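As structure tokens, the structure follows; a few thoughts come after it.
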Amino acid sequence: MNIHEYQAHALFEKFGVPSPKGYPAASVADFDAALAKLPDGPVVVKSQIHAGGRGKGTFTDGFKGGVKVCKTKAEAREMATKMLGNTLVTLQTGAAGRKVQTIYFTPACDIKKEYYLSILLDRASSRPVIVVSTEGGMSIEDVAHNTPEKIIKVLVDPAIGLADYQVRQLIFALGFNPAEAKNATKLIKALYTMFWETDASMVEINPLITTKDDQVMALDAKVGFDDNALFRHSEIVALRDLNEEDSKEIEASKYGLSYIALDGNIACLVNGAGLAMSTMDIIKHFGGTPANFLDVGGGASKDQVVAAFKIILGDPNVKGILVNIFGGIMDCNVIASGVVEAVKEVGLELPLVVRLEGNNVEAGKTTLNSSGLKLVSGDTMADAAQKIVKLVSAA
Amino acid sequence: MAILVNENTKILIQGITGDFGGRHAKLSIDYGTQVVAGVTPGKGGQFFEHGGKKVPIFNTVADAARETGATVSTIFVPPPFAADAILESIDANLDLAVAITEGIPIRDMVRVKRAMGGRKTRLVGPNCPGIVTPGSGPKSHGGCRIGIAPGYIHKKGKVGVVSRSGTLTYEAVWQLTCRNIGQTTCVGIGGDPVNGTSHLDVIKLFAADPDTVGFIMIGEIGGTAEVEAARWIKANCNKPVAGFIAGATAPAGRRMGHAGAIVGGAEDTAAAKIAVFKECGIEVAATPSDMADALIRLAQVRGVQLT
């Protein structure tokens with residue numbers, strides 16, 4: 001689960017990570033109240049969406065820049081009015097972009113130098129890793145690729161926690177002066193505590209800045225949390241913004257379905273994440289394009305299949321459906337009956353190919369074939385994928 | 001010989017009185033697996049009864065292991081308590097703990113992984129289908145089934161299977177069985193970013209097992225575990241290996257069901273992993289329908305008899 005920058009700054013404040021004191025506003029009527037709380041002087045106006053690249057993004061009405069530095073509060077108000085309710089397209093949003101529903105106003109900082117700081121999981125060692133660089137404010141992927149020596153990493157032993165000498169390794173690598181080093185030490189320790197205690201999956205600050213008076217501050221903030229740990233963090237769950245999530249994905253999660261919309265036209269309904277991914281792959285292999293990832297879990301009850309069909313059919317791009325179920329423990333005939341009932345309930349008009357394999361598969365195929373529905377049976381994954389691709393391209 | 005478990009292995013089940021654990025305990029007993037104990041705190045002294053068998057339930061893993069001689073635990077405990085259940089099985093010095101539970105917080109697994117250092121217990125999973133060593137009876141009955149895989153799709157034989165995903169493992173096993181190629185052991189290592197046993201760990205066991213003549217390695221996008229395994233195979237193993245990587249069409253930055261199946265950088269895409277597989281002499285299955293056939297192709301070239 002991801003949160004907005006303004007929410008991350010509020011969390012930072014709670015854990016003692018210095019960041020500019022800003023104020024969010026979700027309507028034009030609230031702009032003046034938010035701006036009034038800021039000191040006089042330049043203001044940064046920031047669109048709040050769950051995607052990076054905002055500064056270089058373009059709104060769908062042609063207005064450029066989702067982040068603006070303004071000389072006056074009046075100018076900030078004008079820029080924010082253009083952003084709010086507008087749809088911002090960045091390198092990370094896809095062509096559809098994201099509607100801006102909140103604006104975040106912060107005082108502009110007097111930046112001396114920009115750095116990079118993040119904490120995430122290092123999969124190879126199964127430990128948290130703190131990553132820093134003197135090359136802040138730019139794409140860290142580019143820095144890692146072009147100048148790997150400028151990326152410094154420290155692995156944290158989860159049994160001990162972040163040790164002082166490790167913080168010193170980071171501080172000296174970044175070349176801070178003594179006053180900056182003192183402030184940066186506090187910030188890094190506080191940020192690690194926040195990462196660990198909130199079950200964050202990633203905290204990225206780019207840029208981390210120093211100011212002329214040697215303050216160290218988290219200017220931008222990107223924070224994500226481990227979905228599996230949300231059950232013990234009601235305060236984090238309260239920050240969830242459903243506007244940032246696909247409505248079909250939210251609906252799917254209510255039925256225990258894992259659904260991700262893609263931009264193709266062949267929908268798939270599969271049990272198991274690995275099989276679901278490879279069903280998408282095999283559609284592509286035979287010249288089609290998958291419309292989604294959909295994992296109904298280890299089983300596949302009738303209610304789940306009905307819900308899955310409804311979600312799939314909510315995507316206007318879908319021109320055909322491939323059902324691929326490996327009924328290991330479950331009786332294939334029960335699954336087949338579920339598919340037949342689901343198709344009747346939703347009144348499916350599109351081509352449908354069903355591939356069943358496993359326990360009692362012959363009875364399942366008989367149920368499908370004698371249902372009177374216009375569905376096609378596939379024997380193997382390859383057979384089923386070729387059939388649906390052919391049906392969709394013929395339609 | 002098989003790897004990790006065989007028909008004589010005595011297993012205990014943590015969470016045997018839950019719906020999920022109980023259902024699969026019954027299926028393992030039906031398969032002929034030696035389920036000798038259950039563990040549910042507070043239900044010690046009771047019995048889990050199925051098919052004429054009475055499996056004693058204990059309050060702690062230590063008690064269960066001491067009283068019954070169980071050396072392997074299967075963990076069906078719900079996510080908030082699962083890490084603690086794994087720690088308990090490590091503390092009891094079991095040989096192997098297999099964690100089926102899906103949805104354990106990553107931080108909990110980071111702590112568990114740290115606690116395992118220097119200990120005797122091997123962990124498989126979490127979020128995995130488990131392990132099956134097929135038996136020699138009809139439909140592979142009489143083997144050791146740990147976890148949630150369907151037993152009947154297996155056949156005793158000479159090929160190993162290792163995978164992160166459940167249903168994709170079944171797909172590979174079923175393709176082998178339908179071609180009359182049996183398996184030594186099939187291991188699901190799970191789809192989480194922090195897990196106990198890696199592809200490489202299992203592959204080293206297959207390489208050392210005299211009865212395993214070749215194997216299928218199934219991976220996914222995310223992480224670099226498959227790449228490490230492939231490089232080790234190139235340097236150390238001359239048995240034929242077929243490989244498949246799921247997620248070639250997955251967009252970057254989106255988690256594909258498994259917590260670990262997410263493309264973060266250039267190295268962990270399906271294309272990058274497939275390229276390394278090819279470079280390491282692994283026969284790559286072009287589609288998931290091709291996994292068994294890929295192994296057969298390479299075995300023929302190398303003159304290895306799979307049946």
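The values are calculated or read from the model by the stated rules, or taken from the named source; none is laboratory data. What you are looking at is a predicted structure, and each value in this text was computed from that prediction instead of being measured. Note that each Cβ is placed from the backbone with ideal geometry, even for glycine, and that neighbours are counted across all protein chains shown. SASA here: full protein model, heavy atoms, side chains in, ligands and nucleic acids out. Shrake-Rupley method; radii C 1.70, N 1.55, O 1.52, S 1.80 Å.
Measure off, as a whole percent, the carbon and sulfur share of the 1.4 Å-probe accessible area of the protein assembly as shown, all protein chains present. Carbon and sulfur together cover 52 percent of it. Counting only lysines at least 8 places from A:LYS46 when in the same chain, those with an alpha carbon closer than 17 Å to its own are A:LYS21, A:LYS37, A:LYS56, A:LYS64, A:LYS68, A:LYS71, A:LYS73, A:LYS82, A:LYS99, A:LYS222.
Only helices enter the 222 nm calculation for chain B: every DSSP H run of n ≥ 4 contributes -39,500 (n - 2.57), and dividing by all residues gives -10000 deg cm²/dmol, rounded to 500. Taking B:ALA64, B:ALA149, B:ALA235 as the candidate residues, the one with maximal mean-square fluctuation in a Gaussian network model of chain B, Cα springs under 10 Å, is B:ALA235.
Take each peptide in A:115-123, A:202-210, count the other Cβ atoms within 10 Å of every residue, and average; sorted highest first, the result is A:202-210, A:115-123. These residues, B:VAL98, A:VAL44, A:VAL237, go from largest to smallest accessible area, 1.4 Å probe, as A:VAL237, A:VAL44, B:VAL98. Which of the three applies to the protein assembly as shown, rounded, prolate or oblate, going by the alpha-carbon gyration tensor with a ≥ b ≥ c and a/c under 1.5 meaning rounded? Prolate, since a/c reaches 1.5 and a/b exceeds b/c. Annotation: per residue accessible area for region A:111-237 equals 44 Å², rounded to a whole number [probe 1.4 Å, protein chains only]. Per residue of B:102-114, other chain Cβ atoms within 10 Å of the residue Cβ number 6 on average. Sort region A:247-394 into rounded, prolate or oblate with this rule: let a ≥ b ≥ c be the square roots of the eigenvalues of the Cα gyration tensor; rounded if a/c is under 1.5, and if a/c is not under 1.5, prolate when a/b is larger than b/c, oblate otherwise. Taking the square roots of the gyration eigenvalues as a ≥ b ≥ c, region A:247-394 is rounded. These residues, B:ARG164, A:ARG232, B:ARG231, B:ARG66, go from largest to smallest accessible area, 1.4 Å probe, as B:ARG66, B:ARG231, A:ARG232, B:ARG164. Based on the Cβ-Cβ distance of B:ARG231 and A:SER125, what FRET efficiency does E = 1/(1 + (r/R0)^6) give at R0 = 25 Å, to the nearest 0.05? Here the calculated transfer efficiency is 0.90. Summing charges over all other residues whose Cβ lies under 12 Å from the Cβ of A:ILE171, with Lys and Arg as +1 and Asp and Glu as -1, gives +2.
For chain B, the average shadow cast by the Cα convex hull is 14.8 nm², which is a quarter of the hull's surface. Residue ranking by accessible heavy-atom surface, 1.4 Å probe, largest first, among A:GLU180, B:GLU7, A:GLU75 comes out as B:GLU7, A:GLU75, A:GLU180.
Please work out whether region B:155-302 counts as rounded, prolate or oblate from its C-alpha gyration tensor, where a ≥ b ≥ c are the square roots of the eigenvalues and a/c under 1.5 means rounded, while otherwise a/b larger than b/c means prolate and anything else oblate? Here region B:155-302 falls in the prolate category. Comparing A:ILE236, A:SER201, B:ALA271 along the charge dipole axis of the protein assembly as shown, the residue lying farthest to the positive side is B:ALA271, per the Cβ-charge model.
Could you state the angle between the C-alpha long axis of helix B:19-31 and the longest principal axis of the C-alpha atoms of chain B, as a value from 0 to 90 degrees rounded to the nearest 10? Rounded to the nearest ten degrees, it is 80.
For region A:54-128, the dipole from Cβ point charges (+1 on Lys and Arg, -1 on Asp and Glu) about the Cα centre works out to 40 debye, to the nearest 20. If you run the Gaussian network model on chain A, springs between alpha carbon atoms under 10 Å, then out of A:ALA29, A:ALA276, A:ALA385 the most flexible one is A:ALA29. Quick note on region B:20-104: its Rg to Rh ratio, both from C-alpha atoms and Rh being the Kirkwood radius, is 0.93. Taking 0.36 nm per residue of separation and subtracting the Cα-Cα distance, full extension of the segment from B:ARG302 to B:PHE81 would add 74.8 nm. Checking the Cα-Cα distances for B:LYS239/B:LYS278; A:LYS14/A:LYS182; B:LYS10/B:LYS113; A:LYS387/B:LYS155; B:LYS26/B:LYS155 against a 26 Å cut-off, the pairs over it are A:LYS387/B:LYS155.
Each other residue within a Cβ distance under 13 Å of B:GLY182 adds +1 if Lys or Arg and -1 if Asp or Glu, for a net charge of +4. Per-residue mean of foreign Cβ neighbours for B:256-262 is 6 (Cβ atoms of other chains, 10 Å radius). Over 10 Å intervals from 0, what percent of Cα-Cα pairs in chain A sits in each interval? Cα pair-distance distribution for chain A, in percent: 5, 19, 23, 20, 17, 11, 4, 0, 0.
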